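The values are calculated or read from the model by the stated rules, or taken from the named source; none is laboratory data. This is a predicted model, so every value here is computed, not measured. As a convention, Cβ positions derive from the backbone with ideal geometry for all residues, glycine included, and neighbour counts pool all protein chains shown.
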Amino acid sequence: MGGLNHILLEAFCLKDSDEHAHKERPDFCPGAPSFPDSELEPGYACFFNACPFLDFTSCENTICFSNQRSEMGYGILLSPNMTEEQRQIFEETAIQKINEAYEECISRHVPER
């Protein structure tokens, strides 16, 4: 069995761009003819169906909280121009705070056995 790798991406829809404005939306699109007033927010269907309007960028140096649908509910994005020392301090502090939050959550919400 292979390892597990989490990749944080910021996805967006290019359907309304000048280049694609004249093209039809795929049937799986929430903005397709059956949903004409829907916002064009990319989701799982876009990735699963390799939507031609889907584009994305990476989110380097980011701490985030993702919800039950793996959508980033809250995020802190730091400058990509950090020095190596700043990046290391950020990483160490982030890991420490995440572990602290996990321990607090577990101690408050998991009944003793």
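Restricting the search to strands (runs of 3 or more DSSP E) fully inside the stretch 51-101 and requiring at least 1 residues that are more than 19 Å from H6 (Cα to Cα) gives 54-58. Can you confirm whether E71 is over 18 Å from L8 (Cβ atoms), without any contact (Cβ under 8 Å) to a residue 12 or more places away in the chain and not assigned by TED's automatic domain parsing to the domain that holds A21? No, not satisfied. Scanning for something surrounded by 10 or more Cβ atoms within 10 Å (Cβ to Cβ), under 14 Å from the mean Cα position of the chain (by Cα) and either of a type in the set (A, V, I, L, M) or modelled with pLDDT of 85 or more (or both), does the stretch 26-48 turn up at least one residue? There is at least one residue in the stretch 26-48 that is surrounded by 10 or more Cβ atoms within 10 Å (Cβ to Cβ), under 14 Å from the mean Cα position of the chain (by Cα) and either of a type in the set (A, V, I, L, M) or modelled with pLDDT of 85 or more (or both).
Selection over the stretch 74-92 of residues that are under 17 Å from A11 (Cα atoms) and exposed (fewer than 12 other Cβ atoms within 10 Å of the Cβ) gives a count of 2.
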